[in-house]
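Engineer: Shown below is the structure under consideration.
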Amino acid sequence: MTEKFAEPIYVTRPIMPDLERVTEKLKEVWESQWLSNGGAQHKALEEQVRLFLKAPHLSLFNNGTIALMVAVQSLRLQGEVITTPFTFPATTHVLAWNNITPVFCDIHPETLTIDPHKIESLITNRTTAILGVHVYGMPCHVERIQEIADRHGLRVIYDAAHAFGTEINGRGIGTYGDISMFSFHPTKLFHTAEGGALTYNDPNLKQRIDLLKNFGIRNEFEVLLPGINGKMNELSAVIGLIVLDMVKDEWVRRQAIRDQYTRELGGLPGIKIVQMPQGVTNSQQYMVIRIDGKEFGATRDEVYAHLRKYNVHARKYFYPLTSDYPCYHQLPSAHDGSLANAKQSSDEVLCLPFYGQLKADEVSQICSLIKAVSEK
Ligand code: T4K
């Protein structure tokens, strides 16, 4: 009989950098009296993250949402953008904040990313871009999407918030499409307390993106664009520099935890483990299962509620779909019944606790709790 956990077991816990190392590094910041606006730490982190992600160009930001706002602005998008509803609110909200109509496209049942077969029928003369999400670090169908975009003269942006370190046959995920956005929130494998980045291939975008994240200021007397404040501060950059050194070890620990969950849950009827396709390096962002209620004998919501009773805070990322929010539900693409795969996935997925400090016996207890629901 598994007992209730004394302390909550969360879906994730951040990498916590060694406090002494942080203090040591902060001394440099204190001595410089330089806390923001492109300081030395910012500069160092920007280059190190760029190399890690194997991206030709990278700009740091104060969070992923503002980074995505700037990505949309930098490409001067307007009208309609085709996107997935199976995501965090930020993806869809960014379009709304840019006065763009989100056009929801269903997802592929296996990859859970925007379904390339369904994109073309949604293109109108108002469409300017495709905004895909590498959900859980699972790459979108990048080649197919690029073909469609090229055929119709559309831009491609990827929300790669979950995809830090995802690679396709050794190629960094941030090199696909026009621009990719990464989030460095503490819930992410790599974090800067709050932060984010854009990666892109076109060197000409660097100047525009960096202007847009700093109010459009070129120099003391010239403001060229209606920019915003998207700058990462030096304290976040310090955290990032130390956390970046710890990412590889965390990745290895998470892989071991993934293997354990897979061993303990993989064979259960009605439980499917969401897996990366061949050739894809996992970003180790989430441990996701799908629960077929009929086959398993208990629904996703019953499993979620049972775990919660035992102080295990698994999460339903992403339920509800963004197309079901009251602010988007009136859109034609939100309620015409064409989002069947997204709806089903949103009802079946569950993100289990997944972070390096999670102990093997805790994983076993969580698995026992899940098995117990179907046996009730
Ligand atoms: N696009 C996508 C696809 C995204 O998933 C996100 C963010 C974005 C865009 C936007 O990027 P940012 O602007 O955030 O950079 C969390 C995060 O706040 C959010 O960043 C993330 N996605 C989303 C999937 O998860 P919540 O509302 O679930 O957070 P919360 O506070 O419930 O945290 C989850 C668990 O993490 C907690 O139960 C405990 C643990 N936790 C959290 C924090 C903040 C810690 O242990 N320590 C912490 O400091 O949204």
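The values are calculated or read from the model by the stated rules, or taken from the named source; none is laboratory data. Fair warning: this is a prediction, and the values are worked out from it, not measured in the lab. With ideal geometry, Cβ positions are generated from the backbone for all residues, glycine too; neighbour counts draw on all protein chains shown. We work out accessible area using only protein heavy atoms, side chains counted, and drop any ligands, DNA or RNA first. Shrake-Rupley method; radii C 1.70, N 1.55, O 1.52, S 1.80 Å.
Engineer: Of everything in region 200-211 that's in a helix (DSSP H, G or I) and surrounded by 14 or more Cβ atoms within 10 Å (Cβ to Cβ), which residue is nearest to the chain's Cα centre (by Cα)? Give the steps one after another, and end with the answer.
Structural biologist: Kept after step one, since they are in a helix (DSSP H, G or I), are these residues of region 200-211: 204-211.
Of the ones still in play, those that are also surrounded by 14 or more Cβ atoms within 10 Å (Cβ to Cβ) are 205-206, 208-211.
Numbers: L205: 22, K206: 22, R208: 24, I209: 20, D210: 22, L211: 25 Å.
If we take residues in region 200-211 being in a helix (DSSP H, G or I) and surrounded by 14 or more Cβ atoms within 10 Å (Cβ to Cβ), then I209 is nearest to the chain's Cα centre (by Cα).
Engineer: Out of (1) over 15 Å from Y261 (Cα atoms); (2) surrounded by fewer than 19 Cβ atoms within 10 Å (Cβ to Cβ), the odd one out for K343 is which?
Structural biologist: (2)
Engineer: Does A55 meet the test of being more than 16 Å from the ligand (Cβ to nearest atom), in the same structural domain as F184 (by TED's automatic domain parsing) and open to solvent by 20 Å² or more (accessible area, probe 1.4 Å)?
Structural biologist: Details: more than 16 Å from the ligand (Cβ to nearest atom): yes; in the same structural domain as F184 (by TED's automatic domain parsing): yes; open to solvent by 20 Å² or more (accessible area, probe 1.4 Å): no.
The answer is no for A55.
Engineer: Quick check: anything in region 246-268 under 19 Å from T111 (Cβ atoms), open to solvent by 30 Å² or more (accessible area, probe 1.4 Å), in contact with a strand residue (DSSP E or B) (Cβ under 7 Å, 6 or more places away or on another chain) and not small (G, A, S)?
Structural biologist: Yes, region 246-268 contains at least one residue that is under 19 Å from T111 (Cβ atoms), open to solvent by 30 Å² or more (accessible area, probe 1.4 Å), in contact with a strand residue (DSSP E or B) (Cβ under 7 Å, 6 or more places away or on another chain) and not small (G, A, S).
Engineer: A further question follows. What pairs can you find where one residue is in region 349-373 and of a type in the set (D, E), the other is surrounded by 15 or more Cβ atoms within 10 Å (Cβ to Cβ), and their Cβ atoms are less than 7 Å apart, with a gap of 6+ or different chains?
Structural biologist: Taking only residues 6 or more apart or on different chains, the pairs are E362/I9.
Engineer: Could you check, for region 212-235, whether at least one of its residues is within 11 Å of the ligand (Cβ to nearest atom) and either on the phi > 0 side of the Ramachandran plot or open to solvent by 50 Å² or more (accessible area, probe 1.4 Å) (or both)?
Structural biologist: No - not one qualifying residue is present in region 212-235.
Engineer: Follow-up. Among the residues in region 191-206, are any within 15 Å of the ligand (Cβ to nearest atom), among the acidic types (D, E) and either in contact with a helix residue (DSSP H, G or I) (Cβ under 8 Å, 6 or more places away or on another chain) or in contact (Cβ under 8 Å) with a residue 40 or more places away in the chain (or both)? Spell out how you get there, then give the answer.
Structural biologist: If we filter region 191-206 for residues that are within 15 Å of the ligand (Cβ to nearest atom), which is where we start, we get 191-199.
Remaining after also requiring among the acidic types (D, E): 194.
Keeping just the survivors that are either in contact with a helix residue (DSSP H, G or I) (Cβ under 8 Å, 6 or more places away or on another chain) or in contact (Cβ under 8 Å) with a residue 40 or more places away in the chain (or both) gives 194.
For region 191-206, residues within 15 Å of the ligand (Cβ to nearest atom), among the acidic types (D, E) and either in contact with a helix residue (DSSP H, G or I) (Cβ under 8 Å, 6 or more places away or on another chain) or in contact (Cβ under 8 Å) with a residue 40 or more places away in the chain (or both): present.
Engineer: Listed residues T124, T111, T91; which is open to solvent by less than 10 Å² (accessible area, probe 1.4 Å) and among the β-branched types (V, I, T)? Outline the logic, then answer.
Structural biologist: Working: T124 fails: open to solvent by less than 10 Å² (accessible area, probe 1.4 Å); T111 fails: open to solvent by less than 10 Å² (accessible area, probe 1.4 Å).
Criteria check complete, one pass: T91.
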